[in-house]
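Here is the structure we will look at, set down as structure tokens.
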Amino acid sequence: MTMVFNLKTNEGAYDLEASVRLIGQDVLVAIWGGEKPHIGAVSVAQPRPSLKNPEITSATASVICLPGHKEDELVKATSEILAAALNTLVVVTAGIHWDNINEEGIQKVIENSKTLVDLILERIASLHL
């Protein structure tokens, strides 16, 4: 089964968009935003038992960040959260760019990325797969 859906934060500033593709049990997510969307980093996460409590599902991720890009933390966190919550393999790409973004703007992007993850989880849960 393959299914595709798009989501977008609606915070009014530094909003992010995502295209989510369900490929069998696995999940592929592309995240972009700003004036120059692109692919800046890629992460692959795999669920595993938590090292602290094996009864809890956690995840481990590998990340490739292209030179000059800073999306590595965003793709790592997003892929690990989704992989642990959904108990499946997850690939996340992201490319976000606003010219001359300040620290407050960066914090808003981080908040919006968390909102986007929540939206993704809500949408997948609503599918009753």
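The values are calculated or read from the model by the stated rules, or taken from the named source; none is laboratory data. All values reported here derive from a predicted model rather than from experimental measurement. Please note: Cβ atoms are built from the backbone with ideal geometry, for glycine as well, and neighbour counts cover all protein chains shown.
Under the condition of being touching a residue at least 40 places away in the same chain (Cβ under 8 Å) and out of contact with any Asp or Glu (no Cβ under 8 Å at 6 or more places or on another chain), which residue from region 40-56 is surrounded by the most Cβ atoms within 10 Å (Cβ to Cβ)?
Taking the candidates together, the pick is V42.
Residue check, A59 against (1) crowded, with 19+ Cβ neighbours inside 10 Å; (2) touching a residue at least 40 places away in the same chain (Cβ under 8 Å), all met but one. Which one?
All conditions are met except number (2).
Can you pull out every residue in region 35-66 that is within 24 Å of G105 (Cβ to Cβ), more than 16 Å from the chain's Cα centre (by Cα) and modelled with pLDDT of 95 or more?
The answer is L66, and nothing else.
Return yes when N87 is more than 14 Å from the chain's Cα centre (by Cα) and under 19 Å from L127 (Cβ atoms) and no when it is not.
yes
This table checks each residue for (1) of a type in the set (D, E, K, R); (2) assigned to a strand (DSSP E or B); (3) within 23 Å of G34 (Cα to Cα).
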residue	(1), (2), (3)
V92	no, yes, yes
E111	yes, no, yes
E122	yes, no, no
A125	no, no, no
